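Every number in this text was worked out from the coordinates using simple rules, so none of it is lab data. Note that the structure is predicted; figures quoted are calculated from it, not measured. Cβ placement follows ideal geometry from the backbone for every residue including glycine, while neighbour counts extend to all protein chains displayed.
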Amino acid sequence: MEKRYLLAPGPTAIPPEVLLKMAEPIIHHRNPLFEAVVEEVRENLKYVFGTKNEVLVFASSGTGAMESAVTNALSAGDKAICVRSGKFGERWANICKAYSVEAINIDLPWGELLDPAVVESTLKANPEVKAVYMQATETSTGARFPVKEVAAIVKNYPQTLMVVDGITGVGVFELPADAWSIDVLVGGSQKALMLPPGLAFASVSDKGWEFIKNSTLPKFYFNWVKERTNLEKNQTNFTPAISLIIGLRESLRIIKQEGLENVYRRIEGLAKATRAGAEALGLKTFAKAPSPAVTAIVAPVGIDGQAIYKTLWKKYGVTGAGGQDQLKGKIFRLATLGYADKYDVITAVAALEFTLRDLGYKFEMGKGVAAATESLKDA
Ligand SMILES: Cc1ncc(COP(=O)(O)O)c(C=O)c1O
């Protein structure tokens, strides 16, 4: 028998209550029963995104909502600042390019800190910029970016929108759209919202809705105005992902019951324990400002990060993630967002110890687990 543990930065594990709800016989989306689901989901999404505005829901992966945050807000020939410090920052720039939006890239070495002053000076040098696109967590490096500080700068530029990819930030740490002046906050279902992949979200501020009036980029499926008009009637523009939205109602109830502050505290404690476990084994965290969503750990000298990730998965049943692109072989990642608790961390660190031993790394067995357990003792 082999038991499997999903500790990847998405998709993440799903609570059994959510799985059971999604297994119920399907209902029709124009039925009042489904309208009641949408009504509740709308309210609870506002709570999780920290906004009084509507949170739009799309049947797509997270990238669909990212793309829509370009096509609904901008026009061809507009300029936008993209923070590029990993695979997902590059995605913002690639989407801009696909729609003839000129990306002014702030290129940071992967895993480095983002200095908000750099965003400010780039904005000053390019006052015509229509949007700043960045990540809350750059999942490929495990780095967390200073969204609050950057948003406070962008707020002073009435002609510029602050757009945040919160796909591994929403429901992970504090990221209140309204209080921090985040004009567009994007989310995805397969992360801290504890659902399968297939839903994407975008909250849009009042300032954002003003921009949309002037946007001339083509849009059809991802039409924010039509989507909002329908949502306000507890309807969706097209056939929604009915079972996923029914699952979402359940996962949002679970989050609300725990309370967002407690969710953030739990995830922060799990990430801290993961780092403590790795450090006790002589390993280093890759990102200078690590996100609680996912810990990227540098592979020890002479050991391939991909071999660590693959051994964890194939031999010990723990699915984390490897490194992507330039980090392939150099790091491996263990996530702590969503449906995760202290025993997941202890399991992951124990499996890491077995893996490292198999791969010939020299260390004292049990030290990582002891450090992780110690770190979790008050959790
Ligand atoms: C920060 C971030 N942005 C964007 C994406 C892309 O989301 P999706 O694969 O759901 O399109 C991911 C997925 O891992 C992510 O972590």
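Model label sites at Glu112 and Lys315, defined 7 Å from Cα along the beta-carbon direction, differ in position by 3.7 nm. Once the C-beta distance of Glu40 and Lys367 is scaled by a Förster radius of 45 Å, the resulting FRET efficiency is 0.45 to the nearest 0.05.
Computed extension length for Asp325-Phe220: 34.6 nm, one decimal, from 0.36 nm per residue of separation with the Cα-Cα distance subtracted.
Within the stretch 80-122, find all residues whose amide N lies under 19 Å from a label point positioned 7 Å from the Cα of Gln306 along Cα-to-beta-carbon. Taking a point 7 Å out along Cα→Cβ of Gln306, the residues of the stretch 80-122 whose backbone N falls under 19 Å are 87. With a simple spin-label model that places each label point 7 Å from the Cα along the Cα-to-Cβ direction, the separation between Thr122 and Tyr343 comes to 4.4 nm.
Residues with beta-carbon under 11 Å from that of Leu185, excluding Leu185: net charge, scoring Lys, Arg +1 and Asp, Glu -1? The partial results should precede the final answer.
On the way: positive: none; negative: Asp165, Asp178, Asp183.
Summing Lys and Arg as +1 and Asp and Glu as -1 gives -3.
With 24 Å as the limit on Cα-Cα distance, the pairs of Lys3/Lys288; Lys3/Lys191; Lys87/Lys226; Lys191/Lys226 that go past it are Lys3/Lys288; Lys87/Lys226; Lys191/Lys226. Can you grab the distance from the C-alpha centre of the stretch 70-96 to the C-alpha centre of the stretch 266-309, Å, no decimals? Cα centres, the stretch 70-96 to the stretch 266-309: 29 Å. For the stretch 214-293, applying the loop criterion from DSSP together with a ceiling of 11 other beta carbons within 10 Å to the trypsin sites (Lys or Arg not before Pro) yields Lys233. Using DSSP, restrict attention to beta bridges with both residues in the chain and report what percent are antiparallel, rounded to the nearest 5. Of those bridges, close to 50 percent are antiparallel. Compared with the direct C-alpha span, the chain from Ala98 to Glu149 gains 15.5 nm at full extension, assuming 0.36 nm per residue.
Which peptide among 322-332, 206-216, 177-187, 142-152 comes first, and what is the full order, when sorted by highest mean count of other Cβ atoms within 10 Å?
177-187, 142-152, 322-332, 206-216
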